[in-house]
Amino acid sequence: MSTLVGDRVRLQPAPAAPEPRRRPSLRTLLLAGAAIIWILGFVILHGTSTLTLPASELTDLHRSLNQFNAWVAANRADNPVFLYVFTPLRAAVDAVANLFLTTFAASTTGLRLPEIGWLGTVGLLGWIAFAIGNARVAVLTVAVFMFFGFQGLFVEATYTFALVLTAVLLTLLVGIPLGVLAGVYGRVAKVITPVLDFMQTLPTFVYLAPLALIFLIGPASAVIATVIYAAPPVIRLTAHGIRGIPENTREASDSLGTTGLQRLVNLQLPMARRTIVMGINQSTMAALSMVTIAALIAAPGLGQVVVRALQSLDVGTAVNAGLSIVLLAIVLDRVTTAASRRAEPGAARNRRVSRRTRYILLGVSLVLALAMVQLSRTMLWAAAFPADLNIGPVIVQAVGSASQWMQANLSLFTVSFREAVTTGILNPFQSLLTDTPFYILVAVIAMAAYALGGWKLATLTTACLGAIIYLGLWSDSMVTLAGTLVATVVVMILGIVFGVAMGRSERVDQIMRPMLDAGQTLPAFVYLVPFLGLFGATRFTAIIAGIIYAAPVAIKITADGISAISPTVVEAAVASGSTPWQVITKVQLPMARQTLALAANQGLIYVLAMVVVGALVGAGGLGYDVVAGFVQSSLFGKGLAAGLAIVFLGILLDRMTQAAAATPVRKIPSPKTTAT
C-alpha cells in the first residue's frame, strides 16, 4: 500500500519553479521617463516659461509665401517654365476633361445642353457596365443614374463622373506602365517605392494648394491632383501581379526560348490581369474621393454642393448630395469589382450563359443604347431631365426637418455628451499639448522615438518638429495632434472590440465585413453630414467623423491579425482551462501586438486625412488654416505652410507607429510540467 502511494506521489507533476522576475526593458524605462518628464514639465513650467512660441499667426515666412503667390500670378504668362511646361500640360488635361464634361454633363446655368442627354447617358453607361461587368451591375448603374435625376442632381453627378473618368484614364495611362516596369525591374521598384510611400502618406488636401498655385483652380487642377493621389494603388498592385508569377512557370516559359517582351505580353500580363483590375478598382475609389474633395479648388460636381451646404450648415442639401456620392461610389465599386471577377482564371467556364449568347445580348443592348443616345440628341425631354420629376426639394425638406427635430429633442443627450467629452477629455489633453513648453515636448517625443526606433527615428522626428516650429504653426499643430490622438485611441478601442469579435467568429465576420467594405468606399465628406445634424458644427463633430472614417480599416486589420493566430495555440489555452477572456487577453492580443500596432498606424493616417475636412464643420488647428488659405488670398501663405505642417506631422506619426509595429514580439512562455 505504501508503495502505491509512493508511486502516485512520484507520478504527480511537481509545481513549476517560479519564473524569474523580468526587469523592465530599456524601451519601457525610456517611455516611462518621457511620460514623467512631460507631466513634470507641464505642471512646473506651463504658463511660467519665457521660452514659449508665439501663437500660430502670420509670420514672415507666410508673408513670403504670399509674395511668391503674387509673383507667380504676375509672371505666369512670361515665365518659360509655365509657358512651355505647366500651361501646355494644364491645357491638355483641360481638353480631355472638357471632352467628357461636354459629352455627358449639361451646363449648370441651363444655357447649354450636353452632347448626350440624360437618357443617352443612362443607356450608354448601363451598356458599358454590362459589357465589362454583368447584367446586375448594369441594372444598378441605370437605377442609380435615374435616381440622380429624381434628386435634381443629375448634372452635378455627371460632372463628378466625368472628372473621375478623366482622372482614372490618365491614371491608368501613367500607372500601369510604371507598375509593369516596377514588376519587371527590381531597380525601378526600389526607386519608386519611397515615392509611392510618400504620396500615400500625404493627406488629400495637401495636394490642392501647390497644384492650385501652379495650375490655377478648376477642373484641370482637380484632375491632376486626383491622378497623383489615385496612382499609387494601381502601380503597386500591377507590380505585385507581375512579380507574383510562379517561378516554375517563368522558368518553363524561358525554356521555350521566349524573349522578355514575349514573356511579359503572353504570360505575365494575362496572369496578373485580375490583380491589375483590382488596382483599377482601388484607384477609381481614390479618384472619386479626391474629386469630391477638390471642390475646394473649384472642381465642379457633387463636392461643390456638399461644401456649400456644410458652409451654410444646410443639413438637408448636404445629405441629398452626400447620398448621391455614396450611390456613385457603390456603382463604381460594383462595376470594377465585377470586372475583376470576370478577369479571374476559369471565369469563362463558370458563366451562366454561353459566350455566343452574351455577344448577342451585348449587340442588342448596344443598339438599344444607341437609340437612347439618338433620342437624347433630338428630343428635349430626353436631353434635360424633366423638372417635374425632381423630388430633391422634398428630400432636402424632410432631412432638414428631421435634423431640426433631433437637435431640439435629442439635445439633452447629444449636447450633454458632446460637452462632457469636450470638457472632460478634449480640452485637458489639448491644454497638455499646447501649454507644455515646446522644448519639453520636443525632448519627450524624441525620447519616445528613440525608444521605438533608435537614433535614426529620433533624428527624423526632431527634424519634423523643427520644421513645424520653423513654419510658425506649433500651437495649431498641437491642437491638431490632440484631436488626432484622441480619435485614434477611440478608433483602436473599436478596432480591438469588433476586430476580436470578427477574428473569433466567422458569423460575426460575415455580418460586419460587408459593412466595413462599404464604409471604406465612402468619400471623406460623407462622414460629416449625419453628425452635423446631431452635434452641430463643432470640433467634436469633426473628431467623431474622423473616428467613423478610420474605424473600418483598424477593425479589419485587427480581425485579420486575430484570425491569423494558430488555432493550435488557442486550443492549447482552452484545454489548459483558460476562459474566453483569458484567451483573448493572455494569448490572442499579445500575439497580435504587431498587427495592433499596424492598425494604429493606419488609424492615425486615416484620422489625419480628415483634419482638413473637419475644418468645414468647426474644427480648428491646421485644417482651418488650410481651408482659410483657399478662401482668402492674404492667408494663402499660412494655408500652404499648414499643409506642409500636416505632412511633417503625418511623417512623424507614421514612422513612430511603423517602428512600434516592427518591434519583434516576445514569445509567450509555454507552461512546464515536471515529474519526479
Could you check region 239-250 and list, in sequence order, the residues that are part of a helix (DSSP H, G or I) and open to solvent by 50 Å² or more (accessible area, probe 1.4 Å)?
His240, Arg243, Glu247, Asn248, Arg250
Kindly indicate which of Leu169, Leu178 is open to solvent by 50 Å² or more (accessible area, probe 1.4 Å), in contact with a helix residue (DSSP H, G or I) (Cβ under 6 Å, 6 or more places away or on another chain) and either more than 30 Å from Gly392 (Cα to Cα) or not in a helix (DSSP H, G or I) (or both).
Leu178
Can you pull out every residue in region 309-324 that is small (Gly, Ala, Ser) and in a loop (DSSP other than H, G, I, E, B)?
Ser312
Can you tell me which residues in region 575-614 are assigned to a loop (DSSP other than H, G, I, E, B), among the hydroxyl-bearing types (Ser, Thr, Tyr) and touching a helix residue (DSSP H, G or I) at 6+ places or on another chain (Cβ under 9 Å)?
Ser578
Can you go through Leu532, Leu528 and tell me which one is open to solvent by less than 30 Å² (accessible area, probe 1.4 Å), of a type in the set (A, V, I, L, M) and within 15 Å of Tyr606 (Cβ to Cβ)?
Leu528
Criterion first (surrounded by 22 or more Cβ atoms within 10 Å (Cβ to Cβ) and under 15 Å from Thr284 (Cβ atoms)) does Pro219 satisfy it?
no
Qualifying helices (runs of 4 or more DSSP H) (wholly inside region 392-509; at least 2 residues being over 22 Å from Val607 (Cα atoms)):
392-409, 411-421, 438-453, 455-470, 474-504
Matching residues, region 447-472, being open to solvent by 20 Å² or more (accessible area, probe 1.4 Å), among the hydrophobic types (A, V, I, L, M, F, W, C) and free of Cβ contacts under 8 Å to residues at least 40 places away in the same chain
Trp455, Ala463
Answer from Leu389, Leu366, Leu380 - the residue that is free of Cβ contacts under 8 Å to residues at least 60 places away in the same chain and not charged (D, E, K, R)
Leu380
For Leu481, work out the one condition from (1) within 26 Å of the chain's Cα centre (by Cα); (2) at positive phi it doesn't fulfil.
(2)
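Per-residue answers, yes or no, for (1) within 24 Å of Ser283 (Cβ to Cβ); (2) open to solvent by 40 Å² or more (accessible area, probe 1.4 Å); (3) not small (Gly, Ala, Ser):
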site: Gly503; (1), (2), (3): no, no, no
site: Met512; (1), (2), (3): no, no, yes
site: Leu516; (1), (2), (3): yes, no, yes
site: Thr538; (1), (2), (3): no, no, yes
site: Thr541; (1), (2), (3): no, no, yes
site: Ile544; (1), (2), (3): no, no, yes
site: Ile557; (1), (2), (3): yes, no, yes
site: Gly561; (1), (2), (3): no, no, no
site: Ala564; (1), (2), (3): no, yes, no
So Ala230 clears everything in (1) under 15 Å from the mean Cα position of the chain (by Cα); (2) open to solvent by 10 Å² or more (accessible area, probe 1.4 Å); (3) not polar (S, T, N, Q) except one condition, right? Which one?
(2)
Qualifying position, being buried (at least 18 other Cβ atoms within 10 Å of the Cβ) and either modelled with pLDDT under 85 or hydrophobic (A, V, I, L, M, F, W, C) (or both), among Ala402, Ala398, Ala348, Ala338
Ala338
Does Met146 satisfy being surrounded by fewer than 24 Cβ atoms within 10 Å (Cβ to Cβ) and under 21 Å from the mean Cα position of the chain (by Cα)?
no
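Listed here are the residues, each with its yes/no results for (1) at pLDDT 90 or above; (2) farther than 25 Å from Ile646 by Cβ; (3) in contact with a Cys (Cβ under 6 Å, 6 or more places away or on another chain).
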residue	(1), (2), (3)
Gly472	no, no, no
Val486	yes, no, no
Gly499	yes, yes, no
Arg513	no, yes, no
Val529	no, no, no
Leu534	no, yes, no
Ser563	no, yes, no
Ser566	no, yes, no
Condition test on Leu328, is it hydrophobic (A, V, I, L, M, F, W, C) and modelled with pLDDT of 85 or more?
yes
Output the residue which, of all residues in region 251-308 that are in contact (Cβ under 8 Å) with a residue 40 or more places away in the chain and not in a helix (DSSP H, G or I), is surrounded by the fewest Cβ atoms within 10 Å (Cβ to Cβ).
Ala298
When region 633-652 is checked residue by residue, the ones that are modelled with pLDDT of 80 or more and open to solvent by 20 Å² or more (accessible area, probe 1.4 Å) are Ser634, Leu635, Phe636, Lys638, Leu640, Leu644, Phe648, Ile651
Among the residues of region 593-615, are any surrounded by fewer than 18 Cβ atoms within 10 Å (Cβ to Cβ) and not basic (Lys, Arg)?
yes
Quick check on my filter: what residues within region 73-100 are open to solvent by less than 70 Å² (accessible area, probe 1.4 Å), at pLDDT below 85 and more than 21 Å from Pro300 (Cβ to Cβ)?
Asn75, Arg76, Asn79
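The values are calculated or read from the model by the stated rules, or taken from the named source; none is laboratory data. Since we're looking at a predicted model, the values are computed, not measured. Every residue, glycine as well, gets a Cβ built from its backbone with ideal geometry; the counts of neighbours run over all protein chains shown. For accessibility, only protein heavy atoms count, side chains too; no ligands or nucleic acids. Shrake-Rupley method; radii C 1.70, N 1.55, O 1.52, S 1.80 Å.
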